[in-house]
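The values are calculated or read from the model by the stated rules, or taken from the named source; none is laboratory data. Note that the structure is a prediction, hence the values are computed from the model and not measured. Don't worry about glycine lacking a Cβ; one is built from the backbone with ideal geometry, like all the others, and counts go over all protein chains shown. Just the protein is used for accessible areas: all its heavy atoms, side chains included, with ligands, DNA and RNA removed. Shrake-Rupley method; radii C 1.70, N 1.55, O 1.52, S 1.80 Å.
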Amino acid sequence: MSRPPKKSKERLMYEKKHKQSLNKQIRKERELRNLKPNAYPVTRLILIRDFLRSTDLYKAIGLFVMAQIAIISVSASITHPHIAGALNLLAVIISIVLVIVSIREINKRQRKDDTRRPVNFSHVVRTLIIMIALIMFMTMMFALFNIELDTQPNQETLNTLTGHFPLVMILIITIVSPIVEELVFRELIPYATGPSYVSFIVASIIFIVLHAPYGLLGWLSYTILSCGFLLARLSNNNVYTAIIVHMIWNILSLVA
């Protein structure tokens, strides 16, 4: 029986490095599996100077303001019907740019964080069921105690604009707003102060206030929505989970 050919020194070195590389990869994969997707501290020290220097803060402000400009452009189309086409076109252009910029920003941030997990649609369904159940229960309790349900001015305005310019407003309500708002309030603002559970909660409170809820119904409704979106965001540390929940909710609101 002939002996197998003796391996060269270079071959032995190659096999040794390859084995070490495999071992490193296995260890890394094991570490990633052990990382918790939402292992944020409860709170952290915030320096005003660092907060004001944060690029995330100014990204959040810029994206939110541009989204409002898109809605204002559509709203101005009612009072200036002679240039309604140009104003709607401007709103569409702003919307497309916002979506592209926001998705690129989200993808970049997700790639840099090893704790981000893929979207889990069971989390989406669970969150939506909880939100719908809470809204229904709240409405029933209001009716039981004969509490008058206040109409939300913000919702009235959106309904009016959707009635006049349905295509543009459906684009903004079902696609642009969920993407931009979740990026701003569930990612950029919390990270501008350093991510912690407190910073996520504070950003969600800002989300509620900026939607200008009216009356007890408005405040409770937006609190439930904000908590639901935040729960979806933290469930697997993926902004897209919150975006999907937000999109489905806005679609349900349009058809309801």
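What the table shows:
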| read-out | value |
| --- | --- |
| Number of the exception - ARG117 against (1) surrounded by 13 or more Cβ atoms within 10 Å (Cβ to Cβ); (2) at pLDDT 90 or above | (2) |
| Checklist (1) among the small types (Gly, Ala, Ser); (2) touching a helix residue (DSSP H, G or I) at 6+ places or on another chain (Cβ under 7 Å); (3) at pLDDT below 95; (4) part of a helix (DSSP H, G or I) applied to ALA212, failing item | (4) |
| Answer from PRO213, PRO153, PRO195, PRO190 - the residue that is touching a residue at least 12 places away in the same chain (Cβ under 8 Å) and open to solvent by 60 Å² or more (accessible area, probe 1.4 Å) | PRO153 |
| Residue, surrounded by the fewest Cβ atoms within 10 Å (Cβ to Cβ), within the range 120-150, restricted to residues that are over 17 Å from ALA232 (Cα atoms) and charged (D, E, K, R) | GLU148 |
| Condition check for LEU63: closer than 30 Å to PRO195 by Cβ and touching a Gly at 6+ places or on another chain (Cβ under 9 Å) | no |
| Neighbours by Cβ (under 8 Å, 6+ apart or cross-chain): first from the range 116-140, assigned to a helix (DSSP H, G or I); second modelled with pLDDT under 90 and of a type in the set (A, V, I, L, M, F, W, C) | MET138/LEU217; THR139/LEU149 |
| Residue in the range 63-76 that is in a helix (DSSP H, G or I), of a type in the set (Ser, Thr, Tyr) and more than 23 Å from the chain's Cα centre (by Cα) present | yes |
| Failed criterion for ASP150 (all others in (1) farther than 29 Å from SER196 by Cβ; (2) at pLDDT 95 or above hold) | (2) |
| Failed item, numbered, when THR43 is tested on (1) farther than 27 Å from VAL209 by Cβ; (2) touching a residue at least 60 places away in the same chain (Cβ under 8 Å); (3) open to solvent by 60 Å² or more (accessible area, probe 1.4 Å); (4) polar (S, T, N, Q) | (1) |
| Some residue of the range 173-182 being assigned to a helix (DSSP H, G or I), at pLDDT 95 or above and among the charged types (D, E, K, R) | yes |
| Whichever residue in the range 219-236 is of a type in the set (S, T, N, Q) and closer than 18 Å to MET136 by Cβ and, among such residues, is most open to solvent (accessible area, probe 1.4 Å) | THR223 |
| Test: residue in the range 82-99 that is within 24 Å of GLY228 (Cα to Cα), surrounded by 17 or more Cβ atoms within 10 Å (Cβ to Cβ) and modelled with pLDDT of 95 or more | yes |
